[in-house]
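> Can you read through this structure? Questions will come right after.
Just so you know, all these numbers are worked out from the coordinates, no wet-lab data involved. From a predicted model like this one, the values you see are computed outputs, not experimental measurements. A quick note on method: Cβ atoms are made from the backbone with ideal geometry, for glycine too, and the neighbour counts reach across all protein chains shown.
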Amino acid sequence: MTRPIGIYEKATPKHFTWLERLQFAKELGFDFVEMSVDESDARLARLEWTKEERLDIVKAIYETGVRIPSICFSGHRRYPMGSNDPEKEAKSLDMMKKCIELAQDLGVRTIQLAGYDVYYEEKSSQTRARFIKNLRKACDWAEEAQVILSIEIMDDPFVNSIEKYLAIEKEIDSPYLFVYPDTGNVSAWHNDLWSEFYNGHRSIAALHLKDTYPVTENSKGQFRDVPFGQGCVNWEEMFDVIKRSNYKGPFLIEMWSENCETVEETRVAIQEAQAFLYPFIEKAGLR
């Protein structure tokens, strides 16, 4: 087997059906697509898909041979598990249950959770405690369903390093909780790459490939829409560290090109990303 390489849903044309999206990914040589359930009404509605709608996705997976092994579940930005609003907190848990059920029905193995206690609210020791309490509940549900939950390293100080994730991992103490790092986010905060991946390699479920502009005294950084090779990620060092830490899991190219004017424009954008990243991956012996 070779290492699976996938593409983020938001890199593919937004108007595509899932059959079209998976076929498009297959034509570009990808092994899988990561689904998005973000904070928009349209994508949160996926948590309410009927059995028939879910079956259509499964049929598309089998017809194309392109898997959907992960969901990027960022809906908790809008309804965070650490919210000070009891209604939003309750909503966050209801959404979490429904996302785990959706994962079960689609054959998804990993749900990526945003590493925020709260996003639009003021942080406090109470929001953190509430997040931990509810994450513990979520891990119990995940264990019952045999679906892994993975915390993303974020554009936010709450969890902006694998080291910070590992502290949460010890506190939660669940065999179904992992970390889902992002090459760009880890780099933007000036984390020591070797320490991050060496200490965390046993807890990594999957890895996003993305570039970023760094956080500095004068800048909050930029965590999306940074062209590969123009940000702060040292790609040769990054892949060397990944190789030496013995990470064997998938790579997911994270980019946002779903609103390009034409399908061909989207295709070219993805191919440019592949042309940049694949030589580094091959040189490091990671394919």
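> Which lysines does Lys51 reach when only Cα atoms under 18 Å apart count, and residues fewer than 8 places away in its own chain are ignored?
Lys59, Lys97, Lys98
> Running Debye on segment 157-208 with equal point scatterers at the Cα sites and no solvent, what base-10 log of I(q)/I(0) appears at q = 0.13, 0.14, 0.19, 0.26 Å⁻¹?
For segment 157-208 at q = 0.13, 0.14, 0.19, 0.26 Å⁻¹, log10 I(q)/I(0) is -0.27, -0.31, -0.57, -1.06.
> Here is a further query. Work out, step by step, the length gained on full extension between Ser219 and Glu236: first 0.36 nm times the residue separation, then minus their alpha carbon distance; give nm to one decimal.
3.6 nm
> Which FRET efficiency value, to the nearest 0.05, is calculated for Asp41 and Arg244 with the Förster distance at 41 angstrom and r the Cβ-Cβ distance?
Rounded to the nearest 0.05, the efficiency is 0.40.
> When we measure straight from the Cα of Lys164, which lysines land under 23 angstrom away, once same-chain ones fewer than 8 places off are left out?
Those lysines meeting the cut-off are Lys123, Lys133, Lys137, Lys210, Lys220, Lys243, Lys248.
> Under the 0.36 nm per residue contour assumption, what length would be gained going from the current alpha-carbon distance of Val263 and Leu55 to full extension?
Full-extension gain reported as 72.3 nm.
> Next question, about the same structure. Binning every alpha carbon pair distance of segment 134-277 at 10 Å from zero, what are the percents per bin?
11, 38, 32, 17, 2
> So, how do all the Cα-to-Cα distances of the chain break down into 5 Å bins, in percent, from 0 on up?
Using 5 Å bins, I get a P(r) of 1, 6, 12, 17, 19, 18, 14, 9, 3, 1, 0 for the chain.
> Then there's this: Of the chain, which part is the longest with no GluC sites (Glu not before Pro) in a loop (DSSP not H, G, I, E, B) and with at most 10 other C-beta atoms within 10 angstrom?
Here the longest run is 1-121.
> While we're here: With 10 angstrom as the radius, rank Lys10, Lys248 by how many other C-beta atoms surround their C-beta, starting from the fewest.
Going from sparsest to densest Cβ surroundings: Lys248, Lys10.
> Shifting gears a bit: Can you find, among Gly184, Cys139, Leu113, the residue farthest towards the positive end of the dipole of segment 113-184? Put +1 on the C-beta of Lys and Arg, -1 on that of Asp and Glu.
Towards the positive end, the residue furthest out is Cys139.
> Can I ask one more? Show me, for segment 167-180, the HN-Hα J-couplings you get by feeding each phi into the Karplus relation (A = 6.51, B = -1.76, C = 1.60, θ = phi - 60°), rounded to Hz, glycine and proline as x.
Using θ = phi - 60°, the values come out as 5, 5, 4, 5, 5, 7, 6, 10, x, 10, 10, 9, 10, 10 Hz.
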